[in-house]
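First the structure, in the form of structure tokens, and then the observations on it.
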Amino acid sequence: SQHDVVIISFFVLHSSLHLCALTMTMATRILVALLCSFGALQTFALVPLSPNTLSRGANVSPFSQLYMSTPPPSAETEEMITTDNKPSEEWELDCYSRPVLVNGKKLWEVLITDSTGSFRYRKALPSNQVNSRALRATVEELMDKADVKPSTVRFFRGAMFNMINIALSELEVVGRPSRRTIALAQWLEERHKDIYPNMEG
């Protein structure tokens, strides 16, 4: 009957598609095995992207490759990384403890960037120097060195509101609690993924 013909045709089509999928899977595995045997995949995976290439529109942070070749920071270090992005007057700041122990104590860091990601500044603070005075001195020093001075500094951590607000209140800048800290959020995500898990402690 016509109904039986339709059912038989459906099963034939289904079987053909299943066989085609298996064939493609086997072909893919064979291709991967051949590439691995010639070292093609290993070579491709180890070719780094330059920061300049990344900053020209790729959806990858221009800082990510730099982190992979940078020694893990310690409680006594600070670092500044810059890109070719146009500097912004809107800065983003975070000061908080990280999931890392240094000499048995939590690592505290100050992270400062701007909304365009033209720079990333990181400074580790000893736990006995986590206060508004030390934070103000850090931000002020960075402002003095900056070619483009900030007009606004955004920060998102409610737990650190008082300390950050006091630190910024004595500087010529507007401190603004805000969750619109996109560049900072991306940076923190990278550090939690690639940096902190690889640090001692």
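Worth a mention:
- Boolean, Trp91 is modelled with pLDDT of 95 or more, open to solvent by 20 Å² or more (accessible area, probe 1.4 Å) and assigned to a strand (DSSP E or B): no
- Among residues of segment 149-175 that are of a type in the set (Asp, Glu), those with a Cβ under 7 angstrom from a residue that is surrounded by 15 or more Cβ atoms within 10 Å (Cβ to Cβ), sequence gap 6+ or separate chain, pair up as Glu170/Arg136.
- Any hit, segment 167-181, residues being within 19 Å of the chain's Cα centre (by Cα) and buried (at least 19 other Cβ atoms within 10 Å of the Cβ): yes
- Filter result (assigned to a loop (DSSP other than H, G, I, E, B) and either modelled with pLDDT of 95 or more or open to solvent by less than 10 Å² (accessible area, probe 1.4 Å) (or both)) within segment 113-145: Ser115, Thr116, Gly117, Ser118, Val130, Asn131
The values are calculated or read from the model by the stated rules, or taken from the named source; none is laboratory data. Predicted model, so just to flag it, every value in this text is computed and none were measured. Note that each Cβ is placed from the backbone with ideal geometry, even for glycine, and that neighbours are counted across all protein chains shown. For accessibility, only protein heavy atoms count, side chains too; no ligands or nucleic acids. Shrake-Rupley method; radii C 1.70, N 1.55, O 1.52, S 1.80 Å.
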